[in-house]
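The values are calculated or read from the model by the stated rules, or taken from the named source; none is laboratory data. Being a predicted model, the structure only gives us computed values, none of them experimental. Cβ atoms come from the backbone with ideal geometry, glycine included; neighbour counts cover every protein chain shown. All accessible areas refer to the heavy atoms of the entire protein, side chains included, with ligands and DNA or RNA removed. Shrake-Rupley method; radii C 1.70, N 1.55, O 1.52, S 1.80 Å.
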Amino acid sequence: MSDIVPPDPPNYDYPIYPSNTLSIVPSETRQFFYWLILTLSVLSIVGNILAIRSIIERKTKYLQKFCIFTLSLTDMFSTVMYAINVLNMLSNELTAWNLGEFLCFFIPSAQTFGTTASSFMLLVIALDRNRNCVQTFSKCRWNPRPISCILYITFLLAVSAAISYPMQTYFNYEPIWILMVPYSADKANYQLDYLCFATKNKLKQYYITIDIVIFAPIILTFTCFYIQIATLVWKHRKPVTTKIGGYETKQSEDSTSSSTKTTNTNSSDNSKRTIIKLKHQKNIQVQRKIRTFRIVLVLMMSFICCRFPYWCYYTIRLVSLRNDDTSWNLHFALLALNMLNYVLNPLLYTFLNQTVAAIKMFKEFLWKICCYCFSNDEFQEFEQNSPFTIDQVKPACGTVQTRTNLGRFEDKNEKIEKF
């Protein structure tokens, strides 16, 4: 094919590119990534719209309200920009640009703006929760006024816009002739199209700079804030009343002994119930602190594990200049992981209680299924009623006898909530 000279294009004003050089998106995985990105985009937009509606109706602190509202807006904005670019690329066999000249310069800058602004909002939310956690164990008060909150958020949005502005100068929009392959010496099919491409060296320097100057400090500061929160929660996971538990127990025992001397058995039973109730309340408080500790870890991991791999790989890909099928598949997979964070943010920052309740119900449902599938209740009942069975067999998972035996050692009120 390379020895055959195709006919000349209609004019020589534009460069010529064979179609096989522009078909770099893997055809085997194009449909899979198309529907994956589309599904994540729909979930992100719907979830953030519900988050905006919910946070407006709630009575919360001003900084938290403004930050979550701005976070939802920037996440939706980033989702739309990524979806337009990626879905257009995956829906066409060639990487020619057919979205117009304006979007060629606007979309890369908008993606950087949305990602940076969203990261700043997550950092401010982490700062706010850090101060609220410290305030719980100190006499300091952290509650910025509405005007201060608006000024802080406006400043961060302006910084994000200034950071993303240079992206517009790194891209070019040029018309080209696409030579459709295969072709013959007497007949060739030319198609006029456009390319939106960037200057690799400038783009590489830009991403390395913002990764070192912007994103790395954001991740480190974000992690430090939540590590401090997790440390405080874990340190104070046991309630303060446990320190005087011995005194309370002793006082209960004294009241029990005095009531015994006066042959008042009702007061003795009441004192025992009071001790059991206090223990139950302390266990609930401890489990709530442990659940908060786990939630803090989930917030950290969702941000770091979803966004950091895509940032790093995109920079590495610019440095190595790889364009094979493996690099593109990995690019779309990490991009989907990055967009997953936009889906998780409303669940973790706006609908956290509902998310925890749904996860708990799902775990209980799976546990019932496992107990039903792996239970041998019928065999246990047959062996227990059989005259040839000497030893009583241990009851299976989820049986009534198992719950009865557990009730001998644990009070029915001492249930532990797990996240």
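Descriptive notes on the structure:
Here's the yes/no breakdown for (1) surrounded by 17 or more Cβ atoms within 10 Å (Cβ to Cβ); (2) modelled with pLDDT under 85:
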position	(1), (2)
139	no, yes
162	no, no
171	yes, no
187	no, yes
211	no, no
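- Within segment 77-98, being part of a loop (DSSP other than H, G, I, E, B) and either open to solvent by 50 Å² or more (accessible area, probe 1.4 Å) or among the acidic types (Asp, Glu) (or both) holds for 93, 98.
- Test: residue in segment 142-151 that is buried (at least 16 other Cβ atoms within 10 Å of the Cβ), without any contact (Cβ under 8 Å) to a residue 40 or more places away in the chain and in a helix (DSSP H, G or I): no
- Evaluation of residue 73 against (1) closer than 24 Å to residue 109 by Cβ; (2) touching a Phe, Trp or Tyr at 6+ places or on another chain (Cβ under 7 Å); (3) modelled with pLDDT of 90 or more (one fails), failing number: (2)
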